[in-house]
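The values are calculated or read from the model by the stated rules, or taken from the named source; none is laboratory data. Remember, predicted model here, so these are calculated numbers, not experimental data. In this analysis, Cβ positions are derived from the backbone assuming ideal geometry, glycine residues included, and neighbour counts consider all displayed protein chains. Calculation scope for accessible area: heavy atoms of the full protein, side chains included, ligands and nucleic acids excluded. Shrake-Rupley method; radii C 1.70, N 1.55, O 1.52, S 1.80 Å.
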Amino acid sequence: MIPRSFGDVDISDIQRLIDNQVAERRTLEFKRDLPGDTRDERKEFLADVTSFANAHGGDIIYGLAEAHGTPSSVHGLEVLDADAALRGIEDRILDRVEPRLPGLRMKWIIAADGKRLLLIRIPASTIAPHRVIFANQ
């Protein structure tokens, strides 16, 4: 997890992760692209979210190119409607995770060149365990 208050995290924090070659760990994960729409991609995304909630919490940062779990550069995300993208991600979590995740937060981070990154902060849940629901299973 980035060691700053969620509201204070900005592009300088992301750049420090790259410059210091901070590797993924139990509370931090990097993804180049937003979760896709296939069943497997949705399940993987929800499994990532619930595993953080069921453990110590964590941050997922979308829009970072990485090699072997270490961020190498800001890749950025192509998003036509940023608000709709956040609602879609939130709806996936609301529809497919039981019990609901309290305290989950998301925000866009804009780089100097206008590229977008998405930060999702998942707190450690006080009502764990959470599970992913697909096809009523």
Normalised contact order of the stretch 37-84, rounded percent, pairs of Cα under 8 Å and 6 or more residues apart: 20 percent
Segment Arg131-Ser12, length gained on full extension (0.36 nm per residue, minus Cα span): 39.4 nm
Mean separation of Cα contacts under 8 Å (6+ apart) over length of the stretch 14-137, as relative contact order %: 30 percent
Candidate values (1) 43, 31, 28; (2) 51, 30, 24; (3) 52, 26, 20, label of the one derived for Cα extents along the principal axes in Å: (1)
In range of the label at Asn20: residues from the stretch 106-131 whose backbone nitrogen is under 12 Å from the point 7 Å along Cα→Cβ: none
Solvent exposure, largest accessible area first (probe 1.4 Å, DNA, RNA and ligands not counted), of Arg121, Arg42: Arg42, Arg121
Residue-wise HN-Hα coupling along the stretch 56-67, computed from phi with Karplus coefficients 6.51, -1.76, 1.60 (Hz; x: Gly, Pro): 9, x, x, 10, 10, 10, 9, x, 10, 6, 9, 10
Fully extended contour minus Cα-Cα distance, from Arg105 to Ala67, at 0.36 nm per residue: 11.1 nm
Prolate/oblate/rounded call for the stretch 59-101, Cα gyration tensor, a/c under 1.5 rounded: oblate
Accessible area in the full protein assembly, largest first, 1.4 Å probe, for Asp48, Asp19: Asp19, Asp48
Pairwise FRET efficiency - Asp40 versus Ala112, Cβ, R0 = 22 Å, nearest 0.05: 0.05
Arg96, Arg105, reordered so the largest accessible area comes first (probe 1.4 Å): Arg105, Arg96
Dimensionless Rg over Rh [the stretch 94-137; C-alpha; Kirkwood]: 1.15
